[in-house]
Amino acid sequence: MKIFSKKQSNTPRRRFVKEVEKTSTSSQHIFKRNRTITGSTSNRFDSASPNSDLKSARTHARSLSIKRRKLSTVLVIIFISAIPIWLLISNFTASVSVNISNVGISKNVDKRKYQDVVQNYLDQNPISRLTFFLDQSNLSDFVSAKYPEVSAVDQGRMVGVGETSFAITMRTPVAGWQINNKQYYVDSNGLPFETNYFANPLVQIIDNSGITYKTGTTTAIASNRFLGFVGRIVSLTKASGYTVTQALLPPNTTRELEVRLKETSYYVKLSIDRPAGEQVEDMTAAIRYFIAHGQSPQYIDVRVSGKAFYR
């Protein structure tokens with residue numbers, strides 16, 4: 001009889017092992033037979049539970065790849081959506097600033113009044129606040145009707161968020177034009193205006209033709225041919241040693257011109273239907289003749305080719 005012999009269990013060994021396994025995993029089914037043991041990618045894992053989702057390195061990498069693709073897709077959608085929004089914002093005019101594009105301005109320009117009239121146009125035409133819908137020709141006509149001294153208004157560049165700079169071109173006078181004792185100026189297109197920001201032109205045209213004109217419109221008070229004729233007379237006379245100080249339109253006609261010279265006390269009658277160069281040659285020849293003979297007529301008429309009449 002063995003004193004230290006172990007008590008033998010009547011339970012078969014195979015059934016005992018199953019009961020032990022059943023008892024040890026009854027509360028927590030973490031690891032089971034034929035199940036792969038995987039680890040967590042977390043550096044902190046307090047305890048395991050039946051609901052734990054333990055991922056392998058490969059599964060975790062694939063999950064991250066899917067998340068990256070989703071995030072990239074969202075970022076691309078946001079970027080594509082931001083492009084038209086930015087285009088609208090960068091081309092929207094909320095406020096206006098102006099600058100003068102001319103060179104040679106000799107007087108101060110009140111930019112505020114031109115800003116206000118451009119802003120007024122945009123208020124009346126809201127769609128024009130988007131620069132790609134702005135009709136610059138209509139804008140120029142609108143501003144010129146209010147301020148005839150403005151020749152054109154061109155859209156400039158964006159100087160800030162919602163602020164657009166407009167370039168204003170002022171009319172450059174080629175001659176002063178006096179109508180009914182009121183002083184106007186006329187540009188190279190024959191359009192009249194009252195406000196001049198440049199130096200006063202040397203030639204002053206006095207209109208005694210009796211024709212009524214209206215400023216603030218696109219109707220010219222003089223044709224390009226007439227203004228070109230005046231310009232040629234002034235330049236050719238200066239080249240001949242004389243200076244035109246005044247040009248006068250006689251009553252009831254716009255095809256004749258009377259000019260006064262700085263060097264003489266009488267005036268010269270000219271016709272726009274005869275070349276300016278020929279008339280200036282006849283005029284200078286007649287002036288030299290009268291100077292040589294010490295005569296001072298009331299006027300010289302060179303409207304007829306090859307002849308000079310005087311009184």
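The values are calculated or read from the model by the stated rules, or taken from the named source; none is laboratory data. If you're wondering where the values come from, they're calculated on a predicted model, not measured in any experiment. We place every Cβ from the backbone using ideal geometry, glycine too, and count neighbours over all the protein chains shown.
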Task: Selection from the stretch 248-272 of residues that are of a type outside the set (V, I, T), in contact (Cβ under 8 Å) with a residue 24 or more places away in the chain and over 15 Å from I300 (Cβ atoms) - done: L249, P251, N252
Task: Qualifying residue in the stretch 289-304 (condition: under 21 Å from G190 (Cα atoms) and free of Cβ contacts under 8 Å to residues at least 24 places away in the same chain) - done: no
TODO: Check every one of the strands (runs of 3 or more DSSP E) wholly within the stretch 141-186 and list those with 2 or more residues that are touching a residue at least 24 places away in the same chain (Cβ under 8 Å) and within 19 Å of the chain's Cα centre (by Cα).
DONE: 150-160, 163-170
TODO: Could you check, for the stretch 100-112, whether at least one of its residues is within 18 Å of the chain's Cα centre (by Cα) and either assigned to a helix (DSSP H, G or I) or outside the structural domain of E163 (by TED's automatic domain parsing) (or both)?
DONE: yes
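Among the residues in the stretch 170-184, are any among the hydrophobic types (A, V, I, L, M, F, W, C) and over 26 Å from Q246 (Cβ atoms)?
Scanning the stretch 170-184, I find no residue that is among the hydrophobic types (A, V, I, L, M, F, W, C) and over 26 Å from Q246 (Cβ atoms), so the answer is no.
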TODO: Determine which member of the set E278, E263, E258 is surrounded by 14 or more Cβ atoms within 10 Å (Cβ to Cβ) and either under 48 Å from the mean Cα position of the chain (by Cα) or more than 23 Å from D207 (Cβ to Cβ) (or both).
DONE: E258
Open item on the list: Which residue is nearest to V150 (Cα to Cα), if the candidates are limited to the stretch 89-128 and must be surrounded by fewer than 10 Cβ atoms within 10 Å (Cβ to Cβ) and hydrophobic (A, V, I, L, M, F, W, C)?
Closed with: V103
- [ ] Filter the stretch 92-114 for residues that are out of contact with any Phe, Trp or Tyr (no Cβ under 8 Å at 6 or more places or on another chain) and either among the acidic types (D, E) or at positive phi (or both) and give the result.
- [x] D110
TODO: Scan the stretch 281-300 for residues that are farther than 14 Å from L261 by Cα and within 54 Å of the chain's Cα centre (by Cα) and jot them down.
DONE: E281, D282, A285
TODO: Run T172 past the list (1) at pLDDT 85 or above; (2) within 21 Å of L261 (Cβ to Cβ) and report the number of the one that doesn't hold.
DONE: (2)
